[in-house]
């Protein structure tokens, strides 16, 4: 009975929850944005593109155990990601003070951005109208600004598996390393 009431009252929210194709999907150009990090410094996505791979991940916040687990896993793998030329950018809807306390308590080595107005969350189509918050999500963006991989969970612990991400990053670096090796051999 309760499920039927939800279905009748909120079909649009359920559609958004289980939507399989994102507005910005594989093959799309990543849209530029500027958000402040936990220290108040403005960070622009466009300034990072062209320097390497960017992994843009949206997480719910420090209140969510699955978000914490996922951020810890990213932090553990961050040295290898940097070796592969990957920059990790984590985005949360939380206010700067909460996000900063969480980033410091976890000693996160990567940039954490705050999107309390949900502007970028909506821009990247990971906004949940039912929760009025963000879905866990990830976007792997190549040096050319083209999205190579997307993932959006409908609830925690739905996050892109770090082991899969590492394989994806290695695959993306392999053609560049092969080309550099061939050029050096000439």
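What follows draws every value from the coordinates through simple rules; no lab data is involved. As the structure is a computational prediction, the values presented were derived from the model and not from experiment. Note: ideal-geometry Cβ built from the backbone for every residue, glycine included; neighbour counts use all protein chains shown.
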Packing-based exposure ordering (other Cβ within 10 Å, fewest first) of 92, 159, 111: 111, 159, 92
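What ranking do 114, 134 get, fewest neighbouring Cβ atoms within 10 angstrom at the top? Walk me through the intermediate numbers first.
Numbers: 114 21, 134 24.
So the ranking, lowest neighbour count to highest, is 114, 134.
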field: residue 101/residue 146 FRET efficiency (R0 25 Å; Cβ-Cβ; nearest 0.05)
entry: 0.10
- request: Quick one: grab the alpha carbon gyration tensor of region 35-108, order the square roots of its eigenvalues as a ≥ b ≥ c, and give me rounded if a/c is under 1.5, else prolate or oblate depending on whether a/b is larger than b/c.
  value: oblate
query: Using 1/(1 + (r/R0)^6) with R0 = 25 angstrom and r between the beta carbons of residue 174 and residue 34, what's the FRET efficiency to the nearest 0.05?
result: 0.20
message: As a footprinting exposure proxy, order 45, 118, 74 by other Cβ within 10 Å, with the fewest listed first.
response: 118, 45, 74
- prompt: Taking every DSSP beta bridge that has both residues in region 72-149, what percent is antiparallel when rounded to the nearest 5?
  reply: 50
